[in-house]
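Trainee: One structure follows; several queries about it will come next.
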Amino acid sequence: MSKEVVFNFEKLKVYQKSLDFVDFVYEIIQKFPVDERFALSSQFIKSKSQS
């Protein structure tokens, strides 16, 4: 019987919404052209982490 640890920040709406946003970002990245996906996705991820 393993008890799952839940940290207090995981209950915050802002944390939950940020996880939703990350999922959204990766959905968008999947729609990028294959030949440019790496370059565009790395720039996209960098830009969102700096905001």
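Trainee: How much accessible surface does Val6 have with a 1.4 Å probe, in Å² rounded to 10?
Mentor: Counting only protein heavy atoms, the figure is 80 Å².
Trainee: On to the next question. Using 0.36 nm per residue, how much length does the chain from Glu4 to Ile45 gain when fully extended, once their Cα-Cα distance is taken away?
Mentor: Working: separation 41, 0.36 × 41 = 14.76 nm, distance 2.98 nm.
Computed gain between Glu4 and Ile45 is 11.8 nm.
Trainee: Mind grabbing the accessible area of Ile29 for me, 1.4 Å probe, Å², rounded to tens?
Mentor: Here the accessible area works out near 10 Å².
The values are calculated or read from the model by the stated rules, or taken from the named source; none is laboratory data. Quick caveat, the model's predicted, so the values are computed rather than measured. Areas reflect the complete protein model, heavy atoms only, side chains present, ligands, DNA and RNA absent. Shrake-Rupley method; radii C 1.70, N 1.55, O 1.52, S 1.80 Å.
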